[in-house]
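A.B. asks: Handing you a structure now.
Every number here is computed from the coordinates shown, using simple stated rules; none is lab data. It should be emphasised that the depicted structure is a prediction, and the values quoted were computed from it without experimental measurement. Glycine also receives a Cβ, built like all others from the backbone with ideal geometry; neighbour counts cover every protein chain displayed.
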Amino acid sequence: MIIKTLETDGFKNLSNVKLDFHRNLNVFFGENAQGKTNLIEVIWLCTGLKSFRGTKDRDFIGLEKEAFHTELCFEDKDRTQTISYNMSRNNLKEKAVFLNGVRLNSPSRLFSALNCVIFTPEDLELSKGSPENRRRFLDLSVSQIKRSYVGVVNKYDSIINQRNKLLKDISLGVSKKEDLEVWDEQLAKLGAYISVLRYAYTVKLNKVSSVLYSDITSGKEKLSLKLSSTVFENLEGRNDYGGEMYLEYLKKLRDKLDEDIRLGFTQIGVHRDDLVTYINGLPSREYGSQGQNRSVALVLKLSQAYILSEETKDSPVILLDDVLSELDTNRQEFVMSKIKNMQVFITCCEKNKINVLKDGSIFLVDGGVVKKIKRG
Ligand SMILES: Nc1ncnc2c1ncn2[C@@H]1O[C@H](COP(=O)(O)OP(=O)(O)OP(=O)(O)O)[C@@H](O)[C@H]1O
Ligand SMILES: [Mg+2]
């Protein structure tokens with residue numbers, strides 16, 4: 001998949017941007033706070049997903065602007081498509097999003113049109129950081145290959161919040177235990193389904209990432225992954241999420257109910273899942289060095305790109321925001337060699353010279369204005 005052109009105006013500090021891109025490598029270059037990440041962010045929005053840095057809708061629009069407009073043209077394995085994404089200050093709720101001129105009723109309808117994989121400095125903490133980040137990583141990965149999944153996870157999250165509130169109300173005596181029944185049934189249904197999908201993705205991830213990790217360590221270390229669940233001991237071969245798994249989930253919820261009421265939160269469920277990474281059989285989070293954990297994180301993100309590529313039969317666009325400058329030359333070379341057949345966008349600052357960038361186009365970003373300074 002290749003992004004051919006981008007036109008955008010009024011997105012944060014970006015002003016009157018009109019760019020055509022190199023098929024392989026594109027570098028956004030400039031000083032701090034000039035709009036490099038904003039460019040990556042506006043490309044990312046065209047995938048239909050939320051901002052990767054948690055920007056609220058109203059903050060998309062430039063402070064002095066009334067609206068932002070974006071038009072992105074890309075080529076997938078079959079055809080050329082155009083996404084248009086617009087928002088105006090007087091109607092923040094209604095984003096005007098079009099795919100090939102057809103109005104979509106929500107940006108999420110853009111899913112699986114444009115596929116991107118983004119690497120940010122926070123992703124380098126994926127292996128060392130909190131389980132929540134790894135769950136988010138898994139969920140994003142699954143949703144990129146299964147469109148309906150995002151809705152399932154959002155529903156689960158909202159039910160768990162309502163259940164936790166109800167648990168507190170029960171302990172205060174303002175609600176009854178029976179009130180939980182309908183919530184628990186829904187939780188068990190959604191939770192069993194999420195477990196099956198997360199497990200299936202972990203199996204693929206394990207396969208791809210063990211090869212990549214062996215590569216980055218020249219065969220010296222072995223990486224393996226496991227989905228750890230508070231509900232199911234072993235998920236291998238299990239996919240009856242509407243039957244057996246649902247009943248087991250429900251029973252575990254009920255078994256813990258009295259304790260949950262005392263504690264005021266739900267102790268078991270997919271909101272406590274973790275993706276555990278092992279180097280030579282030992283959990284890397286506890287035993288791994290900083291460098292090993294960074295390599296694991298890089299390999300997980302690269303695997304995400306490879307799996308997406310395999311599933312969609314088309315390579316995703318890779319967005320590297322401030323990541324390369326954080327890596328040593330060996331790891332920079334490793335990453336670049338693994339994505340050399342994909343279109344890549346990289347942000348970099350003048351002071352952080354990156355040695356591995358050779359061919360491709362370079363764009364200077366200065367105060368929200370973007371100019372091509374090298375044609376690839
Ligand atoms: N809603 C907005 N309206 C106008 N400007 C905004 C808005 N939101 C952010 N900005 C501006 O965007 C700039 C930051 O852009 P961005 O994060 O893309 O910088 P960057 O070039 O990636 O910098 P760094 O190298 O530090 O990562 C800041 O100057 C900020 O004031
Ligand atoms: Mg930035």
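A.B. asks: In whole angstrom, note down how far apart the Cα centers of segment 197-226 and segment 50-104 are.
C.D. replies: For segment 197-226 versus segment 50-104, the Cα centre distance is 36 Å.
A.B. asks: Local charge sum around residue 303 (other residues, Cβ-Cβ under 14 Å, Lys/Arg +1, Asp/Glu -1)?
C.D. replies: The answer is +1.
A.B. asks: Mind checking which lysines have their Cα closer than 23 Å to the Cα of residue 207? Skip sequence neighbours fewer than 8 apart in that chain.
C.D. replies: By straight Cα distance, residue 207 reaches 128, 146, 220, 222, 226, 301, 313, 338, 340.
A.B. asks: Can I ask one more? Where does helix 290-312 land angle-wise versus the long Cα axis of the chain, in degrees 0 to 90, nearest 10?
C.D. replies: 90 degrees
A.B. asks: Using only the Cα atoms of segment 126-287, build the gyration tensor, take square roots of its eigenvalues as a ≥ b ≥ c, and label the shape rounded, prolate or oblate: rounded if a/c is under 1.5, else prolate if a/b is larger than b/c, else oblate. Display every interim value, and only then the final one.
C.D. replies: Numbers: a/c = 2.42, a/b = 1.99, b/c = 1.22.
Taking the square roots of the gyration eigenvalues as a ≥ b ≥ c, segment 126-287 is prolate.
A.B. asks: Rounded to the nearest 20 Debye, what is the dipole magnitude of the chain about its Cα centre when Lys and Arg each give +1 and Asp and Glu each give -1 at the C-beta?
C.D. replies: For the chain, the charge dipole is close to 500 debye.
A.B. asks: Relative contact order for segment 126-287: what is it in percent, counting Cα pairs under 8 Å that are at least 6 residues apart? Intermediate results must be reported in sequence, preceding the final value.
C.D. replies: On the way: 186 pairs, mean separation 51.5, N = 162.
The value is 32 percent.
A.B. asks: Now for a separate question. If each residue's Cβ is checked for other Cβ atoms within 10 Å, how do 322, 215, 123 rank with the fewest at the top?
C.D. replies: 215, 322, 123
A.B. asks: Among 140, 183, 33, flag the residue with its Cα farthest along the positive direction of the charge dipole of the chain, charges on Cβ as +1 for Lys/Arg and -1 for Asp/Glu.
C.D. replies: Final value for the positive-end residue is 33.
A.B. asks: What is the sum of charges, Lys and Arg at +1 and Asp and Glu at -1, for the other residues whose Cβ falls under 10 Å from the Cβ of residue 149?
C.D. replies: Numbers: positive: 146, 147, 198; negative: 139.
Around residue 149, the surrounding residues sum to +2.
A.B. asks: For every helix of n ≥ 4 consecutive DSSP H residues, a contribution of -39,500 (n - 2.57) applies; sum these over the chain, divide by its total residues, and give [θ] at 222 nm rounded to the nearest 500 deg cm²/dmol.
C.D. replies: -12500 deg cm²/dmol
A.B. asks: Can you compute the charge dipole magnitude of segment 249-335 about its Cα centre, using +1 on each Lys and Arg Cβ and -1 on each Asp and Glu Cβ, nothing else charged? Give it in debye, rounded to the nearest 20. Working shown, then result.
C.D. replies: On the way: 11 positive and 15 negative charges, 86 e Å.
Computed charge dipole of segment 249-335: roughly 420 debye.
A.B. asks: Among 71, 125, 94, 236, which comes first, then next, by fewest other beta-carbon atoms within 10 Å? Spell out each step's value before the answer.
C.D. replies: On the way: 71 17, 125 14, 94 11, 236 7.
With the sparsest Cβ surroundings first, the list reads 236, 94, 125, 71.
A.B. asks: Among 151, 200, 228, flag the residue with its Cα farthest along the positive direction of the charge dipole of segment 118-231, charges on Cβ as +1 for Lys/Arg and -1 for Asp/Glu.
C.D. replies: Toward the positive end, the furthest listed residue is 200.
A.B. asks: Just how large is the dipole of segment 284-327 about the Cα centre, in debye to the nearest 20, putting +1 at every Lys and Arg Cβ and -1 at every Asp and Glu Cβ?
C.D. replies: 140 debye
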